[in-house]
Amino acid sequence: MPRQDLLALTFDDLVTLSNRGITKRATQEAQDLKAEVTEEDTGVVQVIWDDATCRLLVGVTLAQAECTCTSIGMCRHIIRSVLAYQAHASASVNEATDFGGDANSEAPAPIASKPWDPGAITDEQLESLYHKNTLRRARTEFERGQVLELVRSAKPVATVHSMSCTVRFLVPGDPNYTHCDCAEPAPCSHVPLAVWAFRLLEPAKEAGLVTTHRDPPSIPTDTLGAVEKTLAEIAIIGLAHTPAPILERLRRQGEELRKAGLVWPAEIVDDILLQTQSYQTHDARFDPRRFADLWSEIHVRFDAIRSDTGSIPQLFVRGAASDRTTEVGSARLIGLGSMVHSRQGVTEVESYLQDMDSGLVVAVQRTFNDPDPASGEDPRPFSKLGQVPVAKGVSLSSLAEGQMLIKGGKRTARCEFIIGRSPATFNPQSYQWERLRPPLLVENLEELNARLESRPPQCLMPRRVGTNLFVLPVASVEACTYSDEYQELQAVLADESGRQTLLTLPYFSRGAEGLNATLSLLQSPESTLKFVAGEFHRTAAGPVIHPISLIFEKEGHRIMHQPWLSKSDDASSNASTTQISIPHEAPWNAYLARLSTEISELLLLGIDTSSDLTVRQWSDLTQQAQKSGLKNIAVLVEAVTRSLDEKRNTPTAPSTKTAAALANLAVVVLMTRM
């Protein structure tokens, strides 16, 4: 009977188990060299080469295969032996079919193409692989409480968020063929945790979040209530008029949140205070919409903490003790690309990197104040901002496209990376992104869709940079054009199975060169798109990519293109007229944008300073919501309008009622926009 485990291993699996260099060399040698392949009754496969003999044993990892060469660990002879066995099994089937062999002989199993469940791996299989003490420790860790993000696919994945590691299952039903990005040899002690977690995931689900906490964490009700009371006072008085003692009280309450283990709510309080400081100092970084979003997000998280239904892990909502500023000794950071966030008066540039030791995505960020429009000075193009140095001889743009070996730095709770003063070595990279670590790297759109569908709204996710950042292998560019209607570049990308996703890049006059260059490259028949990195968001029509980089291959050489920061060699690129069918934006999105603006204005100026004009504006918002069919939002908007009107007619009416109604509305609007 053919060895199903060996037949199920793909080229990428072999790269995962060894490395790309060894696998590519072994693949070429397997085609050029002759091998004698025999399979014993026990299932052991022996492959004899001119320079070595390999024995692929049963019931052990591939790294434990025997080879007569002098190499230590997974050598190329073992890899080429797997490939030789696959070719031998395929030839045997063809011979049986074409030349009168036994037509009933069992054909080699194809590479797994359907999702399977690692939860089906039995305890007996685990007991045969691990010592009893190892399993006992793993069970203790499991019951202590872990949070895992699971995906059932052809190559199932378990991301253990509470331990910052990812387990990938390569062969159906065989825990020997697993890969984890921890330092332990395979199969590591995280594999049993993943298997047990898959058993907790509902059978009908392809993906989901699983938490193994037995006892729910305590709820610091008094602290939450005190913070909400202070936030209500700010809403009543208005941020513009809030006195220093109230802000100092909020700062102390933020410290209490952190002591109670509510790391992310404490971070939100810090951001609110930073926005307040920016407003008071007339800093362009103040954004009333951003302040309103923060005010809403902390109420969302408080609601999720109080009513812990188990559908969203509290680790995501609260944060963990490990979510703090951490000193980084040495690390290898691989550049992933850059993103630009432009709003009135301020432009932020973020260069993303993956720490190849931990797998974490970090960002180096710089904020630029744009010139006052009254000065007549034009803001700098995005490509110029990308040339700003962040370390000696290294700019934001070059950092995002190379790799850096650092010997010191800091990583904040939000995974913003602060480069230390110790010398750092910067080198180019070859963009062998097949070796990037999951969950950043996904295999295909099926896995990506499963991940996105299993995740809660962004306002309840960990507040780290790059939580929606993924790297997707691309098989083809199906269409690419510039949409005058939407003022953006649009491209349809397909993975190896033919599933499609939409890439969009908005037009900014400051980034026009980069957009033109992106359009030229995507339409060029000379360059092949291999990977796209970016923020992925779910829409009714499927996932949409906001790219930070694209990896192209030309004549065997790979290059990175950064759409936001690059320059165009030919600004008059020949744009294709290929039309892409894009679903029209929902009509209520414009309404939600206006509603968010009015909420931010009310928080800035204060409920107590509202005028007759304010009441009329909110009355108009109520009517618009009713006409748009947003019944639930209309009820909440009407509650705010009625409370404002009551406050205008009866000055002694308590403003806390209006603040509570505004908080309820702000929470729903934020969740709807997500």
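Every read-out reported here was derived from the displayed coordinates using simple, explicitly stated rules and does not represent laboratory data. Bear in mind that the values here come from a model prediction, so they are computed numbers and not experimental data. Here the Cβ positions follow ideal geometry from the backbone for every residue, glycine too, while neighbour counts run over all protein chains shown.
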Calculated over the range 4-98: convex hull of Cα atoms, volume per residue (Å³) | 100
C-alpha long axis of helix 76-98 to longest principal axis of the chain, angle in ° | 70
Full extension between H282 and K205 adds, at 0.36 nm per residue less the Cα distance, a length in nm of 22.7 nm
On full extension of the chain, what length is gained from E248 through H341, given 0.36 nm per residue of separation minus the C-alpha to C-alpha distance?
-> 30.4 nm
Cα-based helix-to-principal-axis angle, 445-454 vs the chain, degrees rounded to 10 = 40
Just flag the GluC sites (Glu not before Pro) in the range 1-67 sitting in loop per DSSP whose Cβ has no more than 13 other Cβ atoms within 10 Å.
-> E40
Enumerate the residues in the range 511-526 having an amide nitrogen under 16 Å from the point lying 7 Å beyond the Cα of K567 toward its Cβ.
-> 511-518
Using 7 Å Cα-to-Cβ label points, what is the Q28/A91 separation (nm, one decimal)?
-> 2.2
Round to the nearest 10 and give me the degree value, 0 to 90, for the angle of helix 244-259's Cα axis relative to the longest principal axis of the chain.
-> 30
Reach of K392 by Cα under 20 Å, taken over lysines that are not fewer than 8 positions away in the same chain = K384, K407, K410
With labels modelled as points extended 7 Å from the Cα through the Cβ direction, what inter-label distance (nm, one decimal) is found for S164 paired with N649?
-> 5.8
Specify the inter-centroid distance of the range 26-83 and the range 123-147, based on alpha-carbon positions, in whole Å.
-> 31
Arranged by the count of other C-beta atoms within 10 angstrom, fewest first, what order do F11, F198, F552, F508 take?
-> F11, F508, F552, F198
On a C-alpha basis, how far is the centre of the range 270-325 from the centre of the range 490-533 in Å? Whole number, if you could?
-> 34
Over what distance in Å are the Cα centres of the range 200-243 and the range 589-631 separated?
-> 25
Using only helices, what value at 222 nm comes out for the chain when you add -39,500 (n - 2.57) per DSSP H run of length 4 or more and divide by the total residues, to the nearest 500 deg cm²/dmol?
-> -12000 deg cm²/dmol
Förster radius 35 Å - calculated FRET efficiency between T467 and T367, Cβ distance, rounded to 0.05 = 0.95
Hey, what's the per residue convex hull volume over the C-alpha atoms of the range 336-393, in cubic angstrom?
-> 89
For the range 594-600, in residue order, the Karplus 3J(HN,Hα) values (coefficients 6.51, -1.76, 1.60; θ = phi - 60°; whole Hz; Gly and Pro = x) are 5, 4, 4, 5, 5, 4, 5
Pop out the ³J(HN,Hα) list for the range 397-412 in order, Karplus 6.51 cos²θ - 1.76 cosθ + 1.60 with θ = phi - 60°, rounded to Hz; leave Gly and Pro as x.
-> 5, 5, 4, 6, 10, x, 9, 9, 9, 10, 10, x, x, 10, 10, 6
Report, in cubic angstrom per residue, the convex hull volume of the C-alpha atoms of the range 172-327.
-> 176
Plugging the Cβ-Cβ distance of D12 and L135 into 1/(1 + (r/R0)^6) at R0 = 30 Å yields, to the nearest 0.05, a FRET efficiency of 0.50
Report the FRET efficiency, 1/(1 + (r/R0)^6), for Q429 and T221, where r is their Cβ-Cβ distance and R0 is 51 Å, rounded to 0.05.
-> 0.55
Run through the DSSP bridge list for the chain and note the antiparallel percent, rounded to the nearest 5.
-> 95
Take every Cα pair under 8 Å in the chain that's 6+ residues apart, average their separations, divide by the length, and report that relative contact order as a whole percent.
-> 10
Hydrodynamic radius by Kirkwood for the range 118-211, inverse mean 1/r across distinct Cα pairs, in Å, is 13.0
What is the extension gain from K259 to M356, computed as 0.36 nm multiplied by their sequence separation minus the C-alpha to C-alpha distance, in nm to one decimal?
-> 31.8 nm
Alpha-carbon radius of gyration plus Dmax, which is the widest Cα pair, for the chain in Å = 28.2, 97
Setting aside same-chain residues fewer than 8 positions from K34, which aspartates and glutamates have a Cα under 20 Å from its Cα?
-> D50, D51, E66, E95
Between the modelled labels at R673 and T309 (7 Å from Cα along Cα→Cβ) the distance in nm is 2.3
Give me the lysines in straight-line cross-link reach of K229: C-alpha distance below 28 Å, same-chain residues under 8 apart excluded.
-> K259, K647, K657
